Amino acid sequence: MTRFLLSVSALALVLAAVAVAPLPAADPPKDATPAGKNIDVVICLDCSNSMDGLINSAKTKLWAIVNDLAKAQPTPNLRVALYSYGNDNYDKTVGWVRKDVDLTTDLDTISAKLFALTTRGGTEYVARVTRDALDQQKWADDKESLKLIFVCGNEPASQDKEVQLKDVAEKATKQGVVINPIFCGPANHPESRDWKEFAQLCGGKFSNIDQDHAVTIATPMDKQLAELSGKLNTTYVGYGTLAREKAVNQAAQDVNAASAAPSVAAARGMTKGGALYRNPDWDLVDKLESDPKFDITKVPEDQLCDELKKLKPEERLAYVQDMAAKRKAVQKEIAELGVKREAYIREEMKKQAAGTGKALDDALRATIREQAAAKGVKIPE
């Protein structure tokens, strides 16, 4: 584990040294929109005292949830947002609610924000955080899109005296957003009643979980998948003002995943090798895939990374294409190992003792699969 962490940290330092110059103020070419349904998922996490297990579950299971969604065909257009609430360090005037990340395709940013969450306090306003998510996010506007909010907590959901659950449910229905309340505790707990009623009002699905039950199963494929994840990073060709920051964060989230568990690093590697991990805003390989008409030869030299600056304009496209080919080869290895890893995990799960509580990722994955099916999106098991 120590050798892996050192290698990834070294990669982060190398990537940090990549020299990139600001892009011109002109609007960049629009990326081609891939086929597939739009799926917007907002996760609202209770960050009051006693919620450390919930936060840790979110950290360790983010990649497994994304990998589940990546199985859908055609590949959906996934965006994720993150809110946290109930922490006494947050602004009291807005009900101790904090928007951490707007809806984004940048999964590394979601991971970074999850690992930065801490617990303290407090007063948990379920209605307030879900209302803010409805009001503040630029949700997909087509009727066929799947728009979901998952709000998780372990106190009564009706604490907010200013914002009522019924009013939030009506707003969500009008916007075509489904709110799914997740109670962290036994389903028969007296404080779960509000959560069940909120689900009924929203047309969502109530779930209860054991927030401290997050199963991570080690597999013989984990080490190699983590190594391939690091190898993928070497195929990124940075450009523009975001490249240095994004490349360093990519490596930092590798470190975060590895620090959580080898299985988490492996799951992240599977995500990075899959269809939902794309970075066209700073990587030319992904940029060309999303916008084939993008002309690298016309990009001014001062907007390119050092590797491309050394080449003649007519040689730059070939370099990016070579990196693309190398990436596809690594992705192929990851996909093959990923199939073996999932088969191994399925067999190990059968051996788990019966009666254990449902974990956060179980609730999210089951609900997303069910509600995606209602929109015509089938996610294979």
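Some observations on this one:
- Cα gyration tensor shape for segment 213-331, rounded if a/c is under 1.5, else prolate or oblate: prolate
- The simple spin-label model puts a point 7 Å past each Cα toward its Cβ; for Gln321 and Ala116 those points are separated by 4.0 nm.
- Global geometry of segment 98-139, whether rounded, prolate or oblate, following the gyration tensor of its Cα atoms and the 1.5 cut on a/c: oblate
- Rounded, prolate or oblate (a/c below 1.5 giving rounded, otherwise prolate when a/b exceeds b/c) for segment 94-229 by Cα gyration tensor: prolate
- Segment 168-176 - phi-based ³J(HN,Hα) in whole Hz, Karplus 6.51/-1.76/1.60, Gly and Pro as x: 5, 4, 5, 4, 4, 4, 4, 8, x
- FRET efficiency for Glu227 and Lys375, using Cβ-Cβ distance with R0 set to 25 Å, rounded to 0.05: 0.10
- Extension gain for the segment Ala366 to Lys332, taken as residue separation times 0.36 nm less the Cα-Cα distance, is 9.5 nm to one decimal.
- Remark: spin-label model distance Thr234-Gln136 equals 4.1 nm, labels positioned 7 Å along the Cα→Cβ axis.
- Largest GNM mean-square fluctuation among Cys47, Cys184, Cys305, using the chain with Cα springs under 10 Å: Cys305.
- Within a Gaussian network of the chain (alpha carbon springs, distance under 10 Å), most fluctuating of Lys309, Lys246, Lys205: Lys309
- Of the trypsin sites (Lys or Arg not before Pro) in segment 117-154, those whose Cβ has at most 11 other Cβ within 10 Å and which sit in DSSP loop: Lys138, Lys143
- Spatial separation of Cα centroids for segment 134-151 and segment 42-78, in angstrom: 16
- Between Lys143 and Val163, the C-beta separation translates, for a Förster distance of 30 Å, into a calculated FRET efficiency of about 0.65.
- Helical mean residue ellipticity (222 nm; -39500 (n - 2.57) per DSSP H run of 4+; nearest 500) of the chain: -15000 deg cm²/dmol
- Gain in span if fully extended, Val94 to Thr241, counting 0.36 nm per residue against the direct Cα distance: 49.6 nm
- Where the Cα pairs of segment 158-232 fall when distances are cut into 10 Å bins, in %: 17, 31, 19, 16, 16, 1
- Spatial separation of Cα centroids for segment 262-335 and segment 214-253, in angstrom: 13
- Among the GluC sites (Glu not before Pro) within segment 182-262, not one is in coil by DSSP while having at most 13 neighbouring Cβ atoms inside 10 Å.
- Two-site FRET efficiency, Arg193 against Val339, from Cβ-Cβ distance with R₀ of 51 Å, rounded to 0.05: 0.75
Values in this text are rule-based calculations from the coordinates and carry no lab data. Since the structure is predicted, the reported quantities are computational estimates derived from the model, not experimental observations. Positions of Cβ are generated from backbone atoms using ideal geometry, with glycine treated the same way; all protein chains shown enter the neighbour counts.
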